[in-house]
1. Of the numbered conditions (1) closer than 30 Å to residue 215 by Cβ; (2) over 14 Å from the mean Cα position of the chain (by Cα), residue 135 fails exactly one; give the number of that condition.
2. What pairs come out if I take residues in region 80-94 that are in contact (Cβ under 8 Å) with a residue 60 or more places away in the chain and pair them with residues that are charged (D, E, K, R) and in a loop (DSSP other than H, G, I, E, B) whose C-beta lies under 7 Å away, six or more apart or interchain?
3. Does residue 67 satisfy being within 26 Å of residue 123 (Cβ to Cβ) and in contact (Cβ under 8 Å) with a residue 12 or more places away in the chain?
4. What pairs come out if I take residues in region 261-274 that are among the polar types (S, T, N, Q) and pair them with residues that are open to solvent by 20 Å² or more (accessible area, probe 1.4 Å) whose C-beta lies under 8 Å away, six or more apart or interchain?
5. Tally time: how many residues in region 222-232 are surrounded by fewer than 17 Cβ atoms within 10 Å (Cβ to Cβ) and closer than 21 Å to residue 151 by Cα?
6. State which residue pairs qualify: first residue more than 20 Å from residue 242 (Cβ to Cβ) and inside region 13-39, second residue outside any loop (DSSP other than H, G, I, E, B) in any location, beta carbons under 8 Å apart, and separation of 6 or more residues or different chains.
Amino acid sequence: MSHLIDVHTHFMPDRLLAAVWAYFDAGGPLLGRAWPIRYRAEEQRRLEVLRGFGVRAFTSMLYPHKPGMARSLNDWAAGFAERNPDCLHSATFFAESSAPADVRQALDQGARVFKCHLQVGGFNPNDPLLDDAWGQLAEAGIPVVTHCGSGPVAGRHTGPGPIAELLARHPALRLVVAHLGMPEYTEFLDLAERYAGVLLDTTMAFTSFVEATSPFPRAELPRLKSLGDRVLLGTDFPNIPYPYADALEAIEQAGLGAGWLRAVCHDNAAKLFAI
């Protein structure tokens, strides 16, 4: 694939990224295993490497782990997208009273995709503090890449239950389930079949690193193929413990066909973001 759109890549302020890398280096409790960072380099070098893989558009997924961080992260991301026009302007939010205003400001700044990390944030997506924020995102039709599956380690509010409840209240939400919903693949496929706005990203799926602990059920491959217009390429670059090419080879080896692969690696995201 010469042209890729990767909807799940991480760029964030240097201090925050250093803290994230330190967490990975220490094998923090949300990881459950050793996790060497493959693409540890300064920002400009990481951009060069990613573009060198043929990635023509990507995201700067960032996420707060406590209240009071979202707005400054969103301001940083707005500047990053301005400096790097091939980055899809990304934003985030946290379950706090400022969430509606934070989301509104990010939308006004031009955010095209949001990140919601229920595992790291440790909040319930159905917290009443977030209802207005979700409503704005649903109305704007802005995709929200959401780490909601219980992999690699379950959180207090991960799993399909909270997301099913959220979608029942905001059925128009464009929710992108990160990691294909690992390890609750089946339940998140159910939600994607039930709600037309639910998409899935392939981040780390089918790689030997993930298959060792959370294998994708082969019986579900036909359903994944039939949802082929709602699956997007994601990788978690640079925070992956294997070469970028391995992520691409892994989804190719799922054996769902060249048309499915082309749609996942480029066409679906190109349509979603009007690239």
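The values are calculated or read from the model by the stated rules, or taken from the named source; none is laboratory data. Note that the structure is a prediction, hence the values are computed from the model and not measured. Neighbour counts are summed over all protein chains in view; Cβ atoms, including those assigned to glycine, are modelled from backbone coordinates with ideal geometry. Quick note on the areas: whole protein, heavy atoms, side chains included, nothing else; ligands and nucleic acids left out. Shrake-Rupley method; radii C 1.70, N 1.55, O 1.52, S 1.80 Å.
1. (1)
2. 88/112
3. It is true that residue 67 is within 26 Å of residue 123 (Cβ to Cβ) and in contact (Cβ under 8 Å) with a residue 12 or more places away in the chain.
4. Filtered contacts from region 261-274: 268/229; 268/230.
5. The qualifying residues number 1.
6. 13/73; 13/76; 14/43; 16/73
Results for (1) over 18 Å from residue 113 (Cβ atoms); (2) touching a residue at least 40 places away in the same chain (Cβ under 8 Å); (3) surrounded by fewer than 22 Cβ atoms within 10 Å (Cβ to Cβ), shown as yes or no for each residue.
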| position | (1), (2), (3) |
| --- | --- |
| 169 | yes, yes, yes |
| 173 | no, no, no |
| 178 | no, yes, no |
| 182 | yes, no, no |
| 190 | yes, no, yes |
| 193 | yes, no, yes |
| 200 | no, no, no |
| 209 | yes, no, yes |
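Residues are listed down the side, and each one gets a yes or a no for (1) surrounded by fewer than 21 Cβ atoms within 10 Å (Cβ to Cβ); (2) assigned to a helix (DSSP H, G or I); (3) acidic (Asp, Glu); (4) in contact with a Ser or Thr (Cβ under 8 Å, 6 or more places away or on another chain):
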{"position": "197", "(1), (2), (3), (4)": "yes, no, no, no"}
{"position": "213", "(1), (2), (3), (4)": "yes, no, no, no"}
{"position": "220", "(1), (2), (3), (4)": "yes, yes, yes, yes"}
{"position": "234", "(1), (2), (3), (4)": "no, no, no, yes"}
{"position": "254", "(1), (2), (3), (4)": "yes, no, no, no"}
{"position": "262", "(1), (2), (3), (4)": "yes, yes, no, no"}
{"position": "267", "(1), (2), (3), (4)": "yes, yes, yes, no"}
